[in-house]
Amino acid sequence: MNTISFLLLRLAIGISFFGHGLVRFPKLQTFSNWMVGNFKKSLLPEALVVPFSMVLPFAEFAIGLLLLTGLFTKYALIAGSLVMLLLLFGTTMIENWDAIPSQIIHIALLAFLLHFIDANSLALDQLLKK
């Protein structure tokens, strides 16, 4: 894989995660309340949904920042995949079938980047290797 192609995909996914987290910080409680409301009729207990909804924006922001900078890229890609798998599971629990394609695309791109991690030469990771 071309290093520029890898960089562009890494930046695209990084912006998505970073932006999702960033816009939720000023309205964290509102976001949490919205998420809890969506899961009221699901099988998932509120005791799981509340902490997840409070941690999610921080995880998204951190993963996005790591991907944007190319720092600990492999671990950021794995963490991003785990977050997306959790979101995918939650999405099925509330039967929000329209959101699933976007989540699967994110997971596919994260897995693709992980597969071609050796092309990650335009990243802070490269400075750490020296």
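None of the figures in this text is laboratory data; all of them are computed from the coordinates on show. Since the model is a prediction, treat every value here as computed from it, not as a measurement. Here the Cβ is made from the backbone with ideal geometry for all residues, glycine too, and neighbour counts use every protein chain on show.
Okay, here's what the table says:
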| quantity | calculated |
| --- | --- |
| Extension gain from Leu65 to Asn38, taking 0.36 nm per residue of separation minus the Cα-Cα distance | 7.0 nm |
| Dipole of the stretch 3-129, positive end: most advanced residue of Leu8, Leu114, Asn38 [Cβ charges, Cα centre] | Asn38 |
| Measure of compaction for the stretch 79-130 (Cα Rg per 2.2 N^0.38 Å) | 1.49 |
| Ranked list, fewest to most other Cβ atoms within 10 Å of each Cβ, for Thr3, Thr91, Thr30, Thr73 | Thr30, Thr3, Thr91, Thr73 |
| Using distinct alpha-carbon pairs, which all enter the 1/r mean, Kirkwood radius of the stretch 3-129 in Å | 15.2 |
| Integer Hz, Karplus 6.51/-1.76/1.60 couplings in order for the stretch 85-91, x for Gly and Pro | 5, 5, 5, 4, 4, x, 4 |
| Hits among aspartates and glutamates - C-alpha to C-alpha of Lys129 under 15 Å, sequence gap 8 or more where chains match | Asp118 |
| Nearest-20 debye value, the chain charge dipole, Cβ charges on Lys, Arg, Asp, Glu | 220 |
| Kirkwood Rh and Cα Rg combined as Rg over Rh, evaluated for the stretch 10-77 | 1.07 |
| Ile4-Leu86 FRET efficiency (beta carbon distance; Förster radius 41 Å; 0.05 resolution) | 0.85 |
| Farthest positive-ward along the chain dipole, Cα basis, beta-carbon charges - from Pro51, Leu128, Met84 | Leu128 |
| Placed amide H near Phe72: partners under 5 Å, 5+ positions off or other chain | Asp125 |
| FRET efficiency, 1/(1 + (r/R0)^6) with R0 25 Å, evaluated for Ser102 and Leu122 via beta carbons | 0.40 |
